[in-house]
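Notes to accompany the following structure.
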Amino acid sequence: SNVLKIYKDELFSENSEGKKYLLSRGFSLQEAKEWELGFAPPEYGFLKEKLKGRYSDDDLFNAGVYAKGDKGFYDRFRNRLIFPIYSVNDKLIAFAGRQLTKDLPKYINTQETLSFKKSRVLFGLNKAKKDLHKFGYFIIVEGYFDCLRLWQAGYKTAIATMGTALSYEHGFVLKKYTNNLILCFDSDSAGQNAAVSALKNLLPFNFKIELIFLEEGEDPDSFILKRGKDSFDKKLQERTDFYEFLYNREFFLPPYKFSIQERSEKIKKIMEFLDLIKDPVTRVSYVTDLSERLNIPFKTLNKMVLSQSDVFVKEEKPTYDAEKLFLSQYIKNINIRKQFETRFHPEIFQNIDLRAIAEWIIEKKVDKNENLPHIIIDGFKEEEELITEILLIPDEETELEIIWKLLQERFLKRKLKEINLSLRNSREEEKDALIAKQKEILKEIKKLKENERR
């Protein structure tokens, strides 16, 4: 884009503070070119001057590079190193900016849009997927510089989250490319908690998940700078299976040194994670190992998994066929769009690609009388193959109200599962609000079922 070119040119200008900062961090100008890094100087009107009326203020605000204050529009990114964010299809979708001074916030992003959702996007994935066949896994880190440093050290499948925890939606994205993930965290309590949060969201996808924990206060960027690539290689070779991490986190002393009540609570915590694994063979293997380590009969532990599955809503098989069928009819049939006009919402779709299309329809505020198939084909190029597949689904005589109720029920069950997971780890003062939400959703599910019987 024109904006990215301006930022890149500014980074490479003669007295660029961004260039000095980047070099001081141990990165070369060649690496800056490869990652298309840029620099936004401190001036509030830098972009306006450079673009000279080529775009309206509203256009630049919607693109995320302008902010708006009492005195009008101004540059969102000032005195920041610029990281362009690309979709997996190499489409520029956002920017991130790193402050050069100690001012806060250290990082800011363009605001979220249809294409840019931090819970779905991973920095560097568009590059890393090309070398996946050589490595067989992604290394997932928390920061942009961590990702760049690992690439500098030769780890060409490093990718980074963008200030958010690894989400369930990230799991959907990653599953398209590999079953093997290596997560790299700080060894302090924040790093441990980040690992736990990531496991909750990723285990349902049956990934092989391994973990690297660096010394407290270190991240991959600082670790490799101080200790070198060989030290990180050693950490990589010594990486821990997620199950070993969970076991050692609970039983940091031999099991017999804990009281019966303490042991019971710790076993329950481990079993909660094993219960998230959907592949029965994998789950049984871990339960068998836990049984042997703790000298508890396998049947006893396995019953715990089954009983917890009864308490917490089981993951439904994805209803992508029903979802595609409904979305196909919604797009192609004006009468159906009118019928569901006030009820249609993107969260009904478990498939994140279908959800993105639904969000696009709502964001564009397409008139229900317009030719929606034509508009989508022209405007949603990045999912052209999926759009074509949806539009080619033959019209069914199935009553769409029935499909809608099915999708709505499964959406509510997903929400209920999220609340149940939150309840497991919530503080006492949070529980009342979560239980109230839980009751509200159960009431909605009951109401749906009652309507089905009529």
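The values are calculated or read from the model by the stated rules, or taken from the named source; none is laboratory data. No experiment lies behind these values; they were computed from the predicted model shown. Every residue, glycine as well, gets a Cβ built from its backbone with ideal geometry; the counts of neighbours run over all protein chains shown.
Return the residues of segment 113-125 that are touching a strand residue (DSSP E or B) at 6+ places or on another chain (Cβ under 8 Å) and either at pLDDT below 95 or assigned to a loop (DSSP other than H, G, I, E, B) (or both); say none if nothing qualifies.
113, 115, 116, 118, 121, 122, 124
Of the residues 96, 63, only one is in contact (Cβ under 8 Å) with a residue 40 or more places away in the chain, in contact with a strand residue (DSSP E or B) (Cβ under 6 Å, 6 or more places away or on another chain) and among the small types (Gly, Ala, Ser); which?
Going through 96, 63 in turn, just one is in contact (Cβ under 8 Å) with a residue 40 or more places away in the chain, in contact with a strand residue (DSSP E or B) (Cβ under 6 Å, 6 or more places away or on another chain) and among the small types (Gly, Ala, Ser): 96.
Would you tally the residues in segment 148-190 being small (Gly, Ala, Ser) and part of a loop (DSSP other than H, G, I, E, B)?
6
Go through segment 176-208 and give me each residue that's surrounded by fewer than 16 Cβ atoms within 10 Å (Cβ to Cβ), over 16 Å from the mean Cα position of the chain (by Cα), at pLDDT below 90 and not polar (S, T, N, Q).
Passing the criteria: 188, 190.
If residue 120 passes every condition in (1) in contact with a helix residue (DSSP H, G or I) (Cβ under 7 Å, 6 or more places away or on another chain); (2) among the basic types (Lys, Arg); (3) closer than 25 Å to residue 233 by Cα but one, which one does it miss?
(3)
Looking only at segment 353-376, filter to residues that are at pLDDT 70 or above, among the β-branched types (Val, Ile, Thr) and over 20 Å from residue 171 (Cβ atoms); which one of those is surrounded by the fewest Cβ atoms within 10 Å (Cβ to Cβ)?
362
Have a look at 217, 228 and point out the one that is among the small types (Gly, Ala, Ser), surrounded by fewer than 19 Cβ atoms within 10 Å (Cβ to Cβ) and either touching a residue at least 12 places away in the same chain (Cβ under 8 Å) or under 19 Å from residue 137 (Cα atoms) (or both).
The match here is 217.
Of the conditions (1) surrounded by fewer than 15 Cβ atoms within 10 Å (Cβ to Cβ); (2) out of contact with any Pro (no Cβ under 9 Å at 6 or more places or on another chain); (3) more than 27 Å from residue 176 (Cα to Cα), residue 247 fails just one. Which one is it?
Residue 247 satisfies all of (1) surrounded by fewer than 15 Cβ atoms within 10 Å (Cβ to Cβ); (2) out of contact with any Pro (no Cβ under 9 Å at 6 or more places or on another chain); (3) more than 27 Å from residue 176 (Cα to Cα) except (1).
Report, by residue number, each residue of segment 279-289 that is in contact with a helix residue (DSSP H, G or I) (Cβ under 6 Å, 6 or more places away or on another chain) and touching a residue at least 24 places away in the same chain (Cβ under 8 Å).
The one that is in contact with a helix residue (DSSP H, G or I) (Cβ under 6 Å, 6 or more places away or on another chain) and touching a residue at least 24 places away in the same chain (Cβ under 8 Å): 286.
Kindly state which strands (runs of 3 or more DSSP E) lie completely within segment 34-110 and contain at least 1 residues that are surrounded by fewer than 14 Cβ atoms within 10 Å (Cβ to Cβ) and not basic (Lys, Arg).
Per the criteria, 66-69, 72-75.
Given (1) crowded, with 19+ Cβ neighbours inside 10 Å; (2) in contact with a Gly (Cβ under 7 Å, 6 or more places away or on another chain), where does residue 4 come up short, assuming only one miss?
Going through the list (1) crowded, with 19+ Cβ neighbours inside 10 Å; (2) in contact with a Gly (Cβ under 7 Å, 6 or more places away or on another chain), residue 4 breaks only (1).
Limited to segment 130-160, what total is found for residues that are in contact (Cβ under 8 Å) with a residue 40 or more places away in the chain and among the polar types (S, T, N, Q)?
The total comes to 1.
Quickly run through segment 330-346 and pick out the residues that are loosely packed, with under 14 Cβ neighbours inside 10 Å and in contact (Cβ under 8 Å) with a residue 40 or more places away in the chain.
343
Counting only residues that are among the aromatic types (Phe, Trp, Tyr) and at pLDDT 85 or above, which one in segment 273-332 is nearest to residue 393 (Cα to Cα)?
Here the answer is 326.
Please go through segment 80-91 and pick out each residue that is touching a helix residue (DSSP H, G or I) at 6+ places or on another chain (Cβ under 8 Å), of a type in the set (A, V, I, L, M) and over 17 Å from residue 9 (Cα atoms).
88
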